[in-house]
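> I'd like to ask you about the structure that follows.
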Amino acid sequence: MFPSLLFAVPLIGGWLYLHYSKQSRYPPGPRPSLIPLVGNLFDIPKTQQWKTFSDWGEQYGDLVMIQLMGKKICIINTYNAAQALLTVKSSIYSDRPAMPMVNELQSYARQRKLFDMGFSARNTSRYHGIINLGYSIVEDDPFVRIAQQAQLAMVSAARPGAYLVDLFPVLKYIPEWLPGASFQKVAREGRELSTKLQTKPFATEQDSEHDTDIRAVTAVMYATAADTIFSSVLTFILAMLHAPEAQKAAQDELDRVISHRLPGLDDRTQLPYLNALVKEALRWELVIPLGVYNGYVIPAGTTIIANQWGMAHDPGTYDQPYEFRPERFLGNHGLPDPASIAFGWGKRACPGRYLAEDALFLFAAMTLTCFTISPASRPVPFPCSFALRHPKAKDLIDNNL
Ligand code: HEM
């Protein structure tokens, strides 16, 4: 036994030396477990991981390296580092994790490419006039039901780490009937819902490739837009409860600039406080707190997590980050636009961002023209009441529906 120890000690020593001298070239981070594959698994909480990532940011710096399932993960905690890595060097850090569960097995990948064309800032402004046209939704609407089910299936399939096939793409070839392949059934049901969403709302089911593309983009648009816009609207309402003085300041501005009609997107430039309020709502609660990217360096194949929540709450960037203070975005403030954090980075940034900002602005402007939002009895899940601000507000709403 003694001679084998003589060999083993320098071997293990050599491995540890190589391992840690290589590690020291990477950004710092909490030490991973020495148990194979475990890495930092037990250091990461199950919920609100972004808060732990921000704590690590304070301890280790802008970039923090951790390990999971034998893979390296680099967390970006500050706006400047994210700009440098994900915007300036976008081409080398913009890879998306493959995510076969949602992209291939539920076949959503192709439609994403068409989005950038359709929803550029210029094209979005062309849709302003047609926002109210279209199909009128009825109670328990069958099309909305299909859309909601398809959206749920897509969002659930896209959860990072939810399906082993995302880590081991070769699993996509195993048939549904094999034990342990229940993800194939989930994927098939998601695919069927996606097909229904792309065909049922339309009069005919057979048409040109062009029409198929339009249907597909509409389906992805619903799946990506409904929840995100709804979530930002909820944040706006919560913020109005949290900061009644900001609500009052926005209403004063609306009353001063526009009277006797509902505001529209054309009024935007005349309403700097309301614009600042919408920016602050995007910053205050992030709809998507973490972005996941794949990079080629530090070292190749590293997964990159952009801690968007941490950037928006970095006191080095935004003073008193937990306060809802639209004033911070008035005048020449020199602060990063929260939209550049909330909507992702570089080539991977959200193609629906202009539409989303317009929608949130319109919702805030119209709501604050007609209503005062105040707390109802209990704060969680924050029931609140919308009281008409003046008798004419009812006419404004009725005349515009
Ligand atoms: C407040 C509302 C919204 C927020 C905060 C938001 C945020 C984001 C973010 C952070 C991403 C990048 C995700 C990633 O790849 O890491 C993204 C992607 C995407 N968003 Fe949005 N989004 C919003 C609204 C919308 C709307 C209204 C649409 C459609 C009209 C839309 C369509 C998309 C699509 C299609 C992608 C995938 C882009 C790609 O695969 O490259 N989003 N969104």
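> For each pair in K185/K279; K172/K279; K71/K185, compute the distance between the two Cα atoms and list the pairs where it is over 32 Å.
As for pairs spanning more than 32 Å Cα to Cα, those are K185/K279; K172/K279.
> How do Y26, Y163 rank when sorted from fewest to most other Cβ atoms within 10 Å of their own Cβ? Before the final figure, lay out each step's value.
Working: Y26 16, Y163 23.
By the 10 Å Cβ count, ascending: Y26, Y163.
None of the figures in this text is laboratory data; all of them are computed from the coordinates on show. Because the structure is a prediction, the values reported are computed rather than measured. FYI the Cβ positions are ideal-geometry reconstructions off the backbone, even for glycines, and counts take in every protein chain you see.
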